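Structure record follows, encoded as structure tokens.
The values are calculated or read from the model by the stated rules, or taken from the named source; none is laboratory data. None of the values given here were measured: they were computed from a predicted structure. Ideal geometry is used to build each Cβ from the backbone, glycine not excepted, and the neighbour counts take in all protein chains shown.
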Amino acid sequence: MQPDTNSPAYHYRVIARALDLIDAGGPQISLDDLAGRMGMSPAHFQRTFSAWVGVSPKRYQQYLTLDHAKQLLADRFTLLDTTLETGLSGTSRLHDLFLRWEAMSPGEYARAGEGLTIRYAFAPSPFGEALVMATDRGICGLGFTEGPGRAAALADLTARWPAATYVEADLTPLTKPLFDGRGEAQLHLIGAPFQIKVWEALLQVPTGHVTTYSEIAQRVGHPTAQRAVGTAVGRNPISWLIPCHRALRKSGGLGGYHWGLPTKRALLAWEAARSDAA
């Protein structure tokens, strides 16, 4: 069976292999070399690459460097208070995707999901296969399986609400508009009150921009709680939609990412490249 060369999942697999080669060979590796190592002609590779990210492989290599993370911090660092006042996040969140969210009550959270039925499915995304979970009130979990694998990703997310009932189901009506970048997504946030404050702050960071852990700490009213903020960012159950990948260290370093630094680099580079191309 031939792969669907127009699918986001196919594009991501090509890009993921290219990322590994760039990591091994450095940013100066040539288009011909990249294409040859993946068994593709330079023209085919360039078309596939550009269709996924919107810019050439050479330009994308520049987005993947640590210097680019530092440049993002210098040029696209956004003060969250200013962002809220200008409404910037409302016009650039995930293209045309509109997000609404509600949180569990502290009592519901304390019961660890008891009484909740959570449906889950594995679905293609622009960044490889995703694991999506949802309650009747909205999406409550989203992770990526490319790094850890299906079993580990499922164990990770189900362990967050151990008393819930989990049912594998067809979530195509949720996932298709989600990864097409059209429609809307209702989020059902399941977390402690402090965690939810941090995740709410992350939702204010526009596509193609970044923030820092210390700025988030300021925003949630705990300026000295950077370590706690970092923990809450890492516990974000709805990756990509709640953009924890946009949180960097003050130095411009990437920091950590629950689903692996290669995925974080790809997310940041993809968003920045598409923002520039637009």
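Within region 222-243, is even one residue in a strand (DSSP E or B) and assigned by TED's automatic domain parsing to the domain that holds GLU271? Looking for residues that are in a strand (DSSP E or B) and assigned by TED's automatic domain parsing to the domain that holds GLU271, one finds at least one in region 222-243, hence yes. Does region 166-175 include one or more residues that are closer than 16 Å to CYS140 by Cα and within 16 Å of the chain's Cα centre (by Cα)? Yes. Taken over region 206-256, the criterion of being among the basic types (Lys, Arg) and buried (at least 21 other Cβ atoms within 10 Å of the Cβ) is satisfied by ARG219, ARG246. If you go through region 98-122 and keep only what is at pLDDT below 90, closer than 18 Å to LYS176 by Cα and crowded, with 17+ Cβ neighbours inside 10 Å, you end up with just LEU99. When the criteria are applied in full, THR65 fails the requirement of being among the polar types (S, T, N, Q) and modelled with pLDDT of 75 or more.
Exactly one residue out of GLU108, GLU114, GLU129 is of a type in the set (Asp, Glu) and assigned to a strand (DSSP E or B), and it is GLU129. Figure legend. Inter-residue proximity from region 152-181: first residues without any contact (Cβ under 8 Å) to a residue 12 or more places away in the chain and assigned by TED's automatic domain parsing to the domain that holds ALA121, second residues among the charged types (D, E, K, R) and surrounded by 20 or more Cβ atoms within 10 Å (Cβ to Cβ), beta-carbon distance below 7 Å, spacing 6+ or different chains. No pairs are indicated. Taken over region 96-105, the residue count meeting the criterion of being in a loop (DSSP other than H, G, I, E, B), more than 25 Å from ILE15 (Cβ to Cβ) and hydrophobic (A, V, I, L, M, F, W, C) is 1. Just give me the residues in region 253-269 being assigned to a helix (DSSP H, G or I), touching a residue at least 24 places away in the same chain (Cβ under 8 Å) and not aliphatic (A, V, I, L, M), in sequence order. Passing the criteria: PRO262, THR263, ARG265.
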